[in-house]
Amino acid sequence: MDKNTTNSTISELLKLIDERTFLELSNVKDIDKYVKKLTAYRFFQLMIMAQIYEIKSLTSVSKQTKDKQDMKRQLAFESISTSQLSRKLSQLPSDLFENTFLYLANKIQLKMSYSSPLIRHITRLKVIDSTTMSMCLSQYPWATFRKTKAGVRLHARVVVTKDDTIPDRAKLLPAIHSDRSQMDELIDTDLDTIYLFDRGYIDYKQFEKLCLSETQFLTRLKKNAEIEVLSEQVPDPKQLIFKDQDVYLGNDVSGTKMSQPLRLIETEDAEGNSVTIVTNCFGLSAKEIGDLYRYRWKIETFFKWMKQHLKLKTFYGKSQNAVYNQIWIALITYCLTVLIQHNTGHSGQLLDVKKTLENLLFESYETFVKALFRPPTRTSKGRRKYDFEHEFRILMKQYSEGEVDHLDTLDFDPLFV
């Protein structure tokens with residue numbers, strides 16, 4: 001193989017999931033039988049490149065295989081037609097890409113350190129939520145979920161730490177399936193884990209089941225919930241705790257009343273909105289429970305990152321298998337980006353890694369690493385001013401509340417003062 005290809009960034013990226021491992025995960029005998037050019041693994045490589053470059057269509061993918069010499073060297077063929085790509089995307093089993101995603105997600109967790117939990121006694125915080133990719137009803141009738149809409153819903157579970165959001169498990173279904181219908185798929189019996197989810201997963205029978213299995217969970221309660229208060233602790237408004245009660249949920253008339261008590265906490269979310277939380281975590285303080293709930297936004301930023309920086313909002317194919325394969329490959333690309341970031345020891349933003357991959361995918365790996373760690377050539381004065389003003393406002397607030405008794409902890413900019 002060409003020397004430049006052997007040492008290229010794309011080759012280092014694909015070492016994280018080599019051809020042998022990829023085919024072992026397929027569980028399909030002779031998956032490339034009678035295939036001469038576009039093997040499953042070559043197609044996989046090409047789709048990873050398409051995700052990194054956010055290529056708009058299979059026609060554009062086909063055009064790039066004809067025009068880019070580096071891509072030809074990596075794939076070991078001169079060109080491929082749009083129709084061949086389309087058939088491959090529709091025909092390859094989605095289980096192959098789902099298994100590859102799970103393999104890489106597990107690989108990330110084995111590499112990453114969780115020795116610094118968010119709060120005491122908690123090894124893992126796993127956040128569950130879903131996001132919907134909307135589609136044209138006439139082109140995707142198999143994904144109908146309203147009279148005028150179609151869509152696919154990605155149900156995901158991520159592991160959250162102070163610094164990282166790591167995908168852990170995912171499920172793809174037409175959007176007609178509700179969030180709470182996937183709780184059994186996304187929640188395991190982990191004694192050292194807290195599961196955090198939002199109101200779409202409210203299900204009293206599931207809550208009862210989780211309590212009996214000693215699986216810890218934390219969720220937001222709906223406003224119309226029926227509550228029987230058993231006892232009440234003194235609230236602490238200074239810690240943003242406005243209510244702290246032990247309660248039963250449901251009622252006897254409808255047969256929904258739970259036999260297991262829960263803890264109800266009223267606090268504020270990260271935006272300052274009032275939220276009511278229920279949990280079976282009786283060993284944590286009300287403040288710790290409130291602090292944990294505020295990490296729920298991390299799965300929202302994960303979904304946003306995926307949609308903004310990978311090819312996920314529009315699709316290459318119309319069939320269910322083609323759509324699912326594209327989403328799985330997007331998740332795989334995210335995992336590969338996280339792994340290459342970890343392997344290089346880069347501690348900055350994941351987007352920096354992705355953009356550097358995009359710019360230097362076929363350059364040498366050494367060039368990629370040097371670019372990733374290259375310090376900025378200039379610092380924005382506007383950014384410095386913003387950061388200073390932010391620090392100034394914090395200090396003035398602390399001064400007004402008596403937390404500091406002098407204003408000489410910052411070197412003030414005379415122009416600003």
Those residues of the stretch 183-197 which are at pLDDT 90 or above, open to solvent by 10 Å² or more (accessible area, probe 1.4 Å) and either within 15 Å of residue 101 (Cβ to Cβ) or of a type in the set (S, T, N, Q) (or both) amount to 185
Of the residues in the stretch 304-319 that are in contact with a strand residue (DSSP E or B) (Cβ under 8 Å, 6 or more places away or on another chain) and either small (Gly, Ala, Ser) or open to solvent by 10 Å² or more (accessible area, probe 1.4 Å) (or both), the one that is nearest to residue 273 (Cα to Cα) is 307
Apart from one, (1) over 12 Å from residue 207 (Cα atoms); (2) hydrophobic (A, V, I, L, M, F, W, C); (3) modelled with pLDDT under 95 all hold for residue 264; the odd one out is (3)
Residue 64 vs (1) open to solvent by less than 70 Å² (accessible area, probe 1.4 Å); (2) free of Cβ contacts under 8 Å to residues at least 40 places away in the same chain; (3) not in a helix (DSSP H, G or I): all pass except (3)
By residue number, the members of the stretch 91-111 that are open to solvent by 10 Å² or more (accessible area, probe 1.4 Å), aliphatic (A, V, I, L, M) and in contact with a Leu (Cβ under 9 Å, 6 or more places away or on another chain) are 102
Residue 223 at pLDDT below 95, more than 25 Å from residue 168 (Cβ to Cβ) and under 29 Å from the mean Cα position of the chain (by Cα):
yes
So residue 238, is it closer than 24 Å to residue 163 by Cα, of a type in the set (Lys, Arg) and either open to solvent by 60 Å² or more (accessible area, probe 1.4 Å) or outside any loop (DSSP other than H, G, I, E, B) (or both): no
Picked from the stretch 198-213 (must be touching a residue at least 24 places away in the same chain (Cβ under 8 Å) and part of a loop (DSSP other than H, G, I, E, B)), the residue surrounded by the fewest Cβ atoms within 10 Å (Cβ to Cβ) is 213
Here the residues within the stretch 359-373 that are of a type outside the set (Phe, Trp, Tyr) and either over 20 Å from residue 310 (Cα atoms) or open to solvent by 50 Å² or more (accessible area, probe 1.4 Å) (or both) are 359, 363, 364, 366, 367, 369, 370, 371
Filtering the stretch 256-280 down to residues that are under 14 Å from residue 225 (Cα atoms), out of contact with any helix residue (DSSP H, G or I) (no Cβ under 6 Å at 6 or more places or on another chain) and in a loop (DSSP other than H, G, I, E, B) yields 257
The number of residues in the stretch 281-317 that are part of a loop (DSSP other than H, G, I, E, B), at pLDDT below 95, in contact with a helix residue (DSSP H, G or I) (Cβ under 9 Å, 6 or more places away or on another chain) and not small (Gly, Ala, Ser) is 4
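The values are calculated or read from the model by the stated rules, or taken from the named source; none is laboratory data. The model shown is predicted, which means the values in this text are computed figures rather than measured ones. Methodologically, a virtual Cβ is constructed for each residue, glycine included, from the backbone with ideal geometry; neighbour enumeration extends over all protein chains shown. Side chains included, ligands, DNA and RNA excluded: accessible areas come from the protein's heavy atoms. Shrake-Rupley method; radii C 1.70, N 1.55, O 1.52, S 1.80 Å.
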